[in-house]
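Down below is the structure, laid out as structure tokens.
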Amino acid sequence: MIIGAHLSISKGYPAAVREAAKLGLNGFQYFTRNPRGGAIRRLAVEEIAAFRNERGAAGLKAVIAHLPYTVNLGSSERRLQEFATMVVREDVERARLLGVELVVAHPGHYGEEGREPGLARVAEVLKSGLSGQEEGPVFCLETMAGQGHEIGGRLEELAALIKTLEAEVRIGLCLDSAHLFAAGWDLRTWAGIDKLITRVDELVGWDKVRALHLNDSKAPLGSRRDRHELIGRGELGPEGIRAIVTHPELKKLPFFLETPVKEYREYASEAKLVRSLAGLTEEAEDDRV
Ligand SMILES: [Zn+2]
Ligand SMILES: [Zn+2]
């Protein structure tokens, strides 16, 4: 099982590798830049080399990047569109230099003119931000709860974007268990999960799915509200989380916790709980690094 968590890179990429290893994780996710202001850390060649070395030594199996929430790929303001395009290009290039596998992003929000023009702008921003990228990370759009003007609460919207872009750019999907549940997908049973898989497969092909944000949900099924909860403490509950992490298809994906922990050491117990729900004892998990 690959299980990581969302960690800060404020002390540098190599420090985040050490933090993940210390927490008993074999992967992690980080924000590419300050989640509020959009400022970016300097990245020297020495740090890239140190990150790659330490990652190898720690045996981390999956490291993925996440764009900050403040970047709106669907913005109707010219200046914000240009900023989003620049962020996509720059952050994907950094991810390539670091050798991380995926760059995940929220599809964004549509404005006053409605959903369709919003979707068209997301496609436009991604097309210019990702054009010419022949190797490196896959850019993954995340499944959202669909609150307010959020794009991506319906699989059909994500499918439309992927269909428009897949011939030209490297694009995939990142699932989020809390968002999907709030969007109306009952993932508490294998039957419910199978429905999701069938639908994704019809729309874009299941092989487009590259990762899963593993979060419990404080918000009820179909509520369209994005409220993460600690593993087993929310509406999915221990049995729902068990169904997800033991499902034959889902368990092949790398999992990343974005649960509302107060301090990072709680991620260690969150991951331990996930492993026990998956039926993996600590001993059987000796090969996890
Ligand atoms: Zn996300
Ligand atoms: Zn969320």
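If I filter the stretch 75-97 down to residues being touching a residue at least 40 places away in the same chain (Cβ under 8 Å) and over 20 Å from R42 (Cα atoms), which single residue comes out as surrounded by the fewest Cβ atoms within 10 Å (Cβ to Cβ)?
Within the stretch 75-97, the match that is surrounded by the fewest Cβ atoms within 10 Å (Cβ to Cβ) is S76.
If F139 satisfies all but one of (1) within 17 Å of L173 (Cα to Cα); (2) in a helix (DSSP H, G or I), what's the number of the condition it fails?
Single failed check for F139: (2).
Determine which member of the set L80, L161 is over 20 Å from the mean Cα position of the chain (by Cα) and either away from ligand 2 (no atom under 16 Å from the Cβ) or part of a helix (DSSP H, G or I) (or both).
Answer to the selection: L80.
List pairs: first in the stretch 37-50 and on the phi > 0 side of the Ramachandran plot, second of a type in the set (S, T, Y), Cβ under 8 Å, 6+ apart or cross-chain?
Every condition considered, the pairs that remain are G38/T70.
Considering only residues that are in contact with a helix residue (DSSP H, G or I) (Cβ under 7 Å, 6 or more places away or on another chain) and open to solvent by 20 Å² or more (accessible area, probe 1.4 Å), look in the stretch 171-202 and name the one that is nearest to ligand 2 (Cβ to nearest atom).
Filtering first and then ranking leaves W185.
Please pick out the residue among L236, L257, L280, L221 that is in contact with a strand residue (DSSP E or B) (Cβ under 6 Å, 6 or more places away or on another chain) and away from ligand 1 (no atom under 16 Å from the Cβ).
Exactly one residue qualifies, and that residue is L236.
If I ask for residues that are without any contact (Cβ under 8 Å) to a residue 24 or more places away in the chain and open to solvent by less than 40 Å² (accessible area, probe 1.4 Å), which ones from the stretch 98-138 would you list?
G114
Within the stretch 204-222, which residues are more than 13 Å from ligand 2 (Cβ to nearest atom) and either in a loop (DSSP other than H, G, I, E, B) or in contact with a His (Cβ under 6 Å, 6 or more places away or on another chain) (or both)?
Hits for the stretch 204-222 are V204, G205, P220, L221, G222.
Of the residues in the stretch 60-74, how many are more than 30 Å from E150 (Cβ to Cβ) and open to solvent by less than 20 Å² (accessible area, probe 1.4 Å)?
1
Please indicate, with yes or no, whether at least one residue in the stretch 273-285 is basic (K, R), in contact (Cβ under 8 Å) with a residue 24 or more places away in the chain and over 15 Å from L25 (Cβ atoms).
No.
Which residues, taken from the stretch 224-242, are surrounded by fewer than 22 Cβ atoms within 10 Å (Cβ to Cβ) and of a type in the set (A, V, I, L, M, F, W, C)?
Matches in the stretch 224-242: L230 only.
Test each condition in (1) surrounded by fewer than 17 Cβ atoms within 10 Å (Cβ to Cβ); (2) modelled with pLDDT of 95 or more; (3) over 22 Å from G184 (Cβ atoms) for Y267 and report the one that comes out false.
(1)
The values are calculated or read from the model by the stated rules, or taken from the named source; none is laboratory data. As the structure is a computational prediction, the values presented were derived from the model and not from experiment. With ideal geometry, Cβ positions are generated from the backbone for all residues, glycine too; neighbour counts draw on all protein chains shown. The protein model used for the area step is the full one, side chains on, heavy atoms only, and it has no ligands, DNA or RNA in it. Shrake-Rupley method; radii C 1.70, N 1.55, O 1.52, S 1.80 Å.
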